[in-house]
Amino acid sequence: MLSIDLRGKRAFIAGIGDERGFGWAIAKALAEAGCEILVGTWTPMLQIFTMGLNTGKFDEARKLKSGQLLSFSKIYPLDASFDTPEDVPSDIKENRRYKDVGGYTISEVAEAIQKDFGTIDIFIHSLANAPEVQKPLLDTSRKGYLAAMSSSAYSFVSLVSHLGPIMSKGGAALSLTYIASETVIPGYGGGMSSAKAALESDTRTLAFEAARRFGIRVNVISAGAYGSRAAKAIGFIDKMIEYSIRNSPLQRQVNTEEVANTAAFLTSSLASGITGTILYVDCGMHAMGVALDSPALQ
């Protein structure tokens with residue numbers, strides 16, 4: 001029987017901070033296939049996340065089909081806005097949530113992974129942030145726009161650049177995008193739609209460059225609207241989910257397991273010939289040109 005087998009593989013998943021997002025679901029799917037999991041957690045969330053794990057808060061969500069609990073070989077603090085320690089402003093260094101935590105820049109995390117484990121086979125980028133996401137693009141400041149691009153798009157470029165040298169040949173890097181990259185989603189502002197468009201463009205270029213330099217594949221999943229903790233910050237995610245249910249071909253909300261299973265496939269040998277691709281997991285929403293529930297069509 002054809003199956004996804006990731007036994008003997010090691011994955012680093014950047015962007016897990018709780019049990020509700022796509023990153024967590026992908027970790028479970030990869031673990032189900034036998035993969036060892038390393039995690040990068042946003043530095044200010046590190047203490048809360050590790051405390052939740054240690055106190056059993058996530059135990060129900062950690063259950064695998066085997067009955068075992070999802071485990072992480074190591075959790076690294078990570079702020080993907082910074083490539084090196086020299087990039088970190090003094091006010092961040094002195095912030096109480098950073099002050100006692102070291103080694104959270106991209107270069108430091110890559111070096112730590114190499115020191116601790118030698119190599120990885122899979123890299124998952126589940127990071128996105130836009131401080132002004134609720135503002136229309138016309139009202140977004142330069143600072144807010146560039147912050148969105150830095151955290152949500154360039155962070156993938158930098159992480160592939162730093163992790164590529166320690167990835168095994170034939171390995172795979174994967175990120176997550178949203179259809180706002182190519183269609184107008186009013187309310188998805190602050191430069192976030194621009195960042196997703198950049199992420200998709202960079203995926204194609206990285207697919208070429210990273211294959212030639214590191215021998216790895218690079219793809220991106222365009223996931224449907226889902227009510228993760230991060231998505232709640234947008235302010236209208238529930239309406240987007242309802243809209244998708246009413247108007248997508250499958251007439252339902254995408255679930256995290258569907259996105260996670262697709263990630264497991266794309267990072268496995270079953271997808272060895274796939275790179276530079278955007279794979280939609282959105283119940284077909286991307287294919288629709290009109291809203292079926294529009295009064296104009298009644």
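The values are calculated or read from the model by the stated rules, or taken from the named source; none is laboratory data. Keep in mind the model is a prediction, meaning the values are calculated, not measured. Ideal geometry is used to build each Cβ from the backbone, glycine not excepted, and the neighbour counts take in all protein chains shown.
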task: Could you grab me the full set of residues in region 59-84 that are farther than 16 Å from residue 155 by Cβ and buried (at least 18 other Cβ atoms within 10 Å of the Cβ)?
output: 62, 70, 72
- line: Going through region 93-111 in order, the residues found to be outside any loop (DSSP other than H, G, I, E, B), surrounded by fewer than 19 Cβ atoms within 10 Å (Cβ to Cβ) and at pLDDT 95 or above are 107, 111
query: Has region 220-230 got any residue that is crowded, with 22+ Cβ neighbours inside 10 Å, in contact with a Cys (Cβ under 6 Å, 6 or more places away or on another chain) and either among the small types (Gly, Ala, Ser) or in a loop (DSSP other than H, G, I, E, B) (or both)?
result: yes
- prompt: Out of (1) in contact (Cβ under 8 Å) with a residue 60 or more places away in the chain; (2) over 25 Å from residue 148 (Cβ atoms); (3) not hydrophobic (A, V, I, L, M, F, W, C), what's the single condition that is false for residue 83?
  reply: (2)
task: Scan (1) modelled with pLDDT of 95 or more; (2) in contact with a helix residue (DSSP H, G or I) (Cβ under 8 Å, 6 or more places away or on another chain); (3) assigned to a loop (DSSP other than H, G, I, E, B) for the single condition residue 174 breaks and write down its number.
output: (3)
task: Within region 22-52, count every residue that is among the hydrophobic types (A, V, I, L, M, F, W, C), in contact with a strand residue (DSSP E or B) (Cβ under 8 Å, 6 or more places away or on another chain) and assigned to a helix (DSSP H, G or I).
output: 7
query: Across region 252-273, which residue is nearest to the chain's Cα centre (by Cα) among those that are within 13 Å of residue 217 (Cα to Cα) and in a loop (DSSP other than H, G, I, E, B)?
result: 267
